[in-house]
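Everything below concerns the one structure shown next.
Just so you know, all these numbers are worked out from the coordinates, no wet-lab data involved. All figures in this text were calculated on a predicted structure; none of them were measured in a lab. Note that each Cβ is placed from the backbone with ideal geometry, even for glycine, and that neighbours are counted across all protein chains shown.
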Amino acid sequence: MSRIVLKKIQINNKTVIEFNEKQNYIIGANATGKTTLFNLIQYILGLKSNSSRLANVRFIESPQLECRFGNKFVKISRKMDSSTIIFEGDIQKKARAMSVELNEIYTELLDIKFISQFNERASLDILSYSFFSGLDFKGSSLERRDTYNKIIGFNSEYLNQIERDIKTIEEEVTLESQGLKFVEQYKKEVEESIGHFVDIPNLNKINDVLKYEYLKIKERSIKNYDLLQNSNSVYKQEKRISEEYINEKMIDLESFFYETLKRFDLSNKNLHNISFKEILKQKNFNFLSFGERNIIHLVLRLTFCRSLHNSEFNNGVGLLVTDEVLSMHEYHSSSEINNKISDIVNEGELQFISFGQTNNFIPRELIVFEMPYRQGGGIFEG
């Protein structure tokens, strides 16, 4: 697994923001363009086909990101009116936003691997999970669980494809079974009818032809039925193996999740009594406040986005970019969050980039950019 590190974003000829490989904070007042910049990074990467938050952006023509993927240095650019993502540097490629081709490029750059080979857009889902807005809770709990599984190396699209194939075979078997009954009835009716018009030797020949054609259809039907039974058996076996694999991997991550969660001073003590499986399924969340749910999603991303080099089939990309998350909590909670994030990034597992309001607990040396105090952010106003 190769982690991604954002090195620099060039917004236009006037504004360039450089990132360090650990902890980065971009701060500013409300309505100064922080969320616009947050969306712009995703837009350049091709994780958004378009963005309503960028519709009114002016004085930006072809923003660029400079990134490192493992030992490869890549410049990624995209014109504001284009769906084409251009990769330059150690790779020279082009792809449309959100396309299968773009997924293949990120699969190669990030060295994403699965225990199954099926990967149509899993790499895009994994990279998209590294971007977290405190006001964005799109997607069902099932979609999130699928993303968690992809990060630990299991792509549920593989089992989903087997299910679709089985359903297709079932439909064919049902049609062939109905057709076989029709052919059998038709065969009997023909035998009865031609017996009145054809002599015995010719009748036997005709009956042999009818029997031969009937047996061919029956044999094909039996083969498809056997294929259906074998496919169901394989599916059950693959599902059992995948569940065992997922449970084993999740146990490895569970301790980190709860250890991190304990660092946050949360008033709702019942939060610690929810099982990790329930949290992944978002069960028993009704008694949690909005801020507490937000904390859980942040800790989940800290858990899953890390790049764990000593773990086989770990697809955490080593990047977490947040928008207006830390500023949504008590100052003492924000302090604990910052301290925990410092521990994680110092272990070389994660690059953290946060967009938020001014916070007294953020060390000045970690602030890489301050948005100009002007509606629109100045950088998007020319």
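Once the other residues with Cβ under 11 Å from the Cβ of residue 275 are scored (Lys, Arg +1; Asp, Glu -1), what is the net sum? Can you show the working numbers first?
On the way: positive: 277, 281, 283; negative: 254, 278.
Residues near residue 275 contribute +1 overall.
Check cross-link reach from residue 281 to the lysines: straight Cα distance under 29 Å, and skip same-chain residues fewer than eight apart.
Result set, ordered by chain and number: 48, 113, 138, 150, 167, 236, 239, 249, 262, 269, 340.
Ranking 323, 90, 343, 146 by Cβ neighbours within 10 Å, fewest first, what do you get?
On the way: 323 24, 90 14, 343 11, 146 19.
Placing the least packed residue first, the sequence is 343, 90, 146, 323.
Hey, can you grab everything whose amide H is under 5 Å from the amide H of residue 133? Only 5+ residues off in sequence or another chain; H modelled, so Pro and N-termini drop out.
323
Along the Cα→Cβ direction, 7 angstrom out, place labels at residue 239 and residue 82. What is the inter-label distance in nm?
Those two pseudo-labels are separated by 4.6 nm.
Which far-off residues, 5 or more places away or on another chain, put their amide H under 5 Å from the one on residue 89, with H placed in the peptide plane?
Long-range HN contacts for residue 89: 75.
Quick one: Karplus J couplings for region 100-110, per residue in order, coefficients 6.51, -1.76, 1.60, θ = phi - 60°, nearest Hz, x for Gly and Pro?
4, 4, 5, 4, 5, 5, 5, 4, 6, 5, 8
Applying a 10 Å radius around every beta-carbon, put 224-235, 16-27 in order of their mean neighbour count, most first. Mind showing how you got there, number by number?
Details: 224-235: 14.0, 16-27: 18.3.
Sorting 224-235, 16-27 by mean packing, highest first, produces 16-27, 224-235.
Between residue 208 and residue 101, what FRET efficiency follows from the Cβ-Cβ distance if R0 is 51 Å, with the result rounded to 0.05?
0.35
What residues have an amide H closer than 5 Å to that of residue 7, excluding those fewer than 5 places away on the same chain, when H is modeled at 1.01 Å from N in the peptide plane?
Those qualifying (amide H under 5 Å, at least 5 residues apart or on another chain) are 66, 67, 68.
Residues with beta-carbon under 11 Å from that of residue 145, excluding residue 145: net charge, scoring Lys, Arg +1 and Asp, Glu -1?
+2
Got a sec? How would 217, 162, 112 order by Cβ neighbour count within 10 Å, fewest to most?
Sorted ascending by nearby Cβ count, the order is 217, 162, 112.
Residue 7 to residue 281: FRET efficiency via 1/(1 + (r/R0)^6), r the Cβ-Cβ distance, R0 41 Å, to the nearest 0.05?
With R0 = 41 Å, the Cβ-Cβ based efficiency is 0.65.
Pop out the ³J(HN,Hα) list for region 155-168 in order, Karplus 6.51 cos²θ - 1.76 cosθ + 1.60 with θ = phi - 60°, rounded to Hz; leave Gly and Pro as x.
Coupling constants for region 155-168: 9, 5, 4, 5, 5, 4, 5, 4, 4, 5, 5, 5, 4, 5 Hz.
For region 23-97, compute Rg over Rh where Rg is the Cα radius of gyration and Rh is the Kirkwood radius from the inverse mean 1/r over Cα pairs.
When Rh is taken as the Kirkwood radius, the ratio is 0.99.
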